[in-house]
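> I have a structure I would like to understand better, so I am pasting it below and will then ask my questions one at a time.
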Amino acid sequence: AREPREFLHTRRARLCTRRSLDVENVTAKLVARTEARRAKDFARADAIREELAHLGVEIMDTPHSTDWRITE
């Protein structure tokens, strides 16, 4: 049996392929959003979140990191 985290990453990759989403582009946008939040540029961080939401990407912030998934 696979680890749950491995399963979720595989599933996310499959959904990205199905929707023609570039994982590297999503990752780059997440990095830019993290940098904007760190600089307290919340308008830019929110704009990036909105842009990703339009692509079908849901951002999940935790106290220690940010993860994402494809909405269905």
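> When the accessible area of the chain is split by element with a 1.4 Å probe, what percent falls to carbon and sulfur?
51
> With n ≥ 4 as the cut-off for DSSP H runs, can you work out [θ] at 222 nm for the chain, using -39500 (n - 2.57) per run divided by the number of residues, rounded to the nearest 500?
On the way: 3 runs with 44 residues, N = 72.
Computed mean residue ellipticity for the chain: -20000 deg cm²/dmol.
> Any idea how far apart residue 35 and residue 10 come out in nm if each label point goes 7 Å out from Cα toward Cβ?
Placing both labels 7 Å beyond Cα along the Cβ direction yields 3.4 nm.
> Find how much the distance from residue 53 to residue 28 grows on full extension, using 0.36 nm per residue of separation minus their present alpha carbon separation; answer in nm with one decimal. Show your work: numbers first, answer last.
Details: separation 25, 0.36 × 25 = 9.00 nm, distance 1.48 nm.
So the extension gain works out to 7.5 nm.
> Given a 1.4 Å probe, how much area per residue of the chain is accessible, in Å²?
Numbers: 5370 Å² over 72 residues.
Value returned for the chain: 75 Å² of accessible area per residue.
> Continuing with the same structure: To the nearest 20 debye, what charge dipole does the chain have about its Cα centre, counting +1 at the Cβ of each Lys and Arg and -1 at the Cβ of each Asp and Glu? Intermediate values should be presented prior to the final figure.
Values: 15 positive and 13 negative charges, 28 e Å.
Magnitude of the dipole: close to 140 debye.
> Put +1 on the Cβ of every Lys and Arg and -1 on every Asp and Glu Cβ in the chain; which of 4, 26, 48 then has its Cα farthest towards the positive end of the dipole?
4
> If you build the Cα gyration tensor of the chain and take the root of 5 times each eigenvalue, what three semi-axes come out, in whole angstrom, biggest first?
Calculated on Cα positions only, the semi-axes equal 23, 15, 9 Å.
The values are calculated or read from the model by the stated rules, or taken from the named source; none is laboratory data. What you are looking at is a predicted structure, and each value in this text was computed from that prediction instead of being measured. Reconstructed Cβ throughout: ideal geometry from the backbone, glycine too, with neighbour counts over all protein chains shown. Remember, those area values only see protein heavy atoms, side chains included, never the ligands or the DNA or RNA. Shrake-Rupley method; radii C 1.70, N 1.55, O 1.52, S 1.80 Å.
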